[in-house]
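The values are calculated or read from the model by the stated rules, or taken from the named source; none is laboratory data. All values reported here derive from a predicted model rather than from experimental measurement. Here Cβ is always computed from backbone atoms with ideal geometry, including for glycine, and neighbour counts include all displayed protein chains. Note: areas computed on protein heavy atoms with side chains; ligands, DNA, RNA excluded. Shrake-Rupley method; radii C 1.70, N 1.55, O 1.52, S 1.80 Å.
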Amino acid sequence: KRDRSRLVRNGIVAAVLAAVVGAIAVTAWSLRDNPAALPTGFAENGPNRPAENQDSKFADRVGGERAPPAPVPAPAPAAAPQGSTARPSPTPDIAVAQRGTLYEENGAPGSPPKATQARVVWRLDAVNAGQGQPLQTVVRGDVDVPEAGLSLAMVLRRNTDATLPASHILELTFTSTDPNRTVRDVGLIQFKDDESGRGSPVSGLPVPVRDNLFLIGLSNLKADIERNTDLLLKRNWIDLPIRYANGNRAILTFEKGNAGEKVLREAFEQWQP
């Protein structure tokens with residue numbers, strides 16, 4: 001009886017995961033040519049995706065570690081109350097940008113990564129969440145690497161769509177003037193205490209929409225929400241592993257600094273139900 005119960009339970013879990021992954025694939029495909037229709041959020045309600053297995057040696061030079069094993073699933077939090085009218089005041093851009101670096105693979109075996117200076121500007125903003133909906137607080141981080149002709153617009157928002165198994169959504173939009181730096185894939189965003197430290201990836205799932213456009217849905221399991229919130233609020237540096245369309249790998253590293261810490265804390269205060 002015990003073996004039969006285990007087989008039934010495993011079958012149910014497998015069916016649920018297959019349905020979730022299928023929904024992600026369908027949604028990402030439908031958004032490829034229509035980025036304006038991006039949903040407010042998307043994520044996998046299940047185990048964490050491994051943190052950028054493809055970059056094992058490269059990531060070791062810059063930092064990075066695997067996410068811990070997924071905890072026992074907990075009930076998803078209740079959806080945000082309807083009719084909330086909180087309207088945050090947008091935070092103006094900070095005049096002094098925070099630091100960052102783009103590390104790119106060097107073609108020569110054994111050579112250190114090429115490092116190009118970057119800068120990031122953080123701000124709190126209020127966006128239209130849809131017809132008849134109140135304005136929604138989002139965190140914006142604009143990362144610019146002028147010498148590489150590459151920039152990243154990153155938007156973090158709370159997921160308010162009860163049909164999507166995600167607590168928060170991270171939207172990543174790259175712009176490149178160099179065709180060799182078209183971004184084809186991203187790994188899970190990682191947080192660390194200092195620039196040279198090893199990053200801890202968030203619990204969630206990256207979803208490619210098309211080249212240069214990606215979503216990362218953060219897990220809505222209770223234990224994962226607590227862990228992700230701790231990483232977002234308490235770690236000062238961020239690593240984002242990326243892979244270009246030509247196959248070369250890179251890691252975009254940037255700091256929250258005082259500006260990033262301030263807007264993230266303000267956002268999480270306003271996101272409280």
Unique residue being hydroxyl-bearing (Ser, Thr, Tyr), over 12 Å from the mean Cα position of the chain (by Cα) and at pLDDT 95 or above when the list is THR173, THR229:
THR229
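Yes or no: the range 199-217 includes at least one residue that is in a loop (DSSP other than H, G, I, E, B) and acidic (Asp, Glu).
Looking for residues that are in a loop (DSSP other than H, G, I, E, B) and acidic (Asp, Glu), one finds at least one in the range 199-217, hence yes.
Filtering the range 165-206 down to residues that are polar (S, T, N, Q) and within 19 Å of VAL138 (Cβ to Cβ), which residue is least open to solvent (accessible area, probe 1.4 Å)?
SER167
Yes/no matrix, rows are residues, columns are (1) of a type in the set (S, T, N, Q); (2) surrounded by fewer than 17 Cβ atoms within 10 Å (Cβ to Cβ); (3) part of a strand (DSSP E or B); (4) at positive phi:
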position	(1), (2), (3), (4)
ALA118	no, no, yes, no
ARG123	no, no, yes, no
GLY132	no, yes, no, yes
VAL139	no, no, yes, no
VAL155	no, no, yes, no
THR163	yes, yes, no, no
Within the range 247-273, track down each residue that is part of a helix (DSSP H, G or I) and open to solvent by 30 Å² or more (accessible area, probe 1.4 Å).
ASN258, GLU261, LYS262, ARG265, GLU266, GLU269, GLN270
Condition test on GLY107, is it assigned to a loop (DSSP other than H, G, I, E, B), open to solvent by less than 30 Å² (accessible area, probe 1.4 Å) and not acidic (Asp, Glu)?
no
Find the residue count for the range 207-246, including only residues that are without any contact (Cβ under 8 Å) to a residue 40 or more places away in the chain and either buried (at least 22 other Cβ atoms within 10 Å of the Cβ) or closer than 23 Å to PRO113 by Cβ (or both).
2
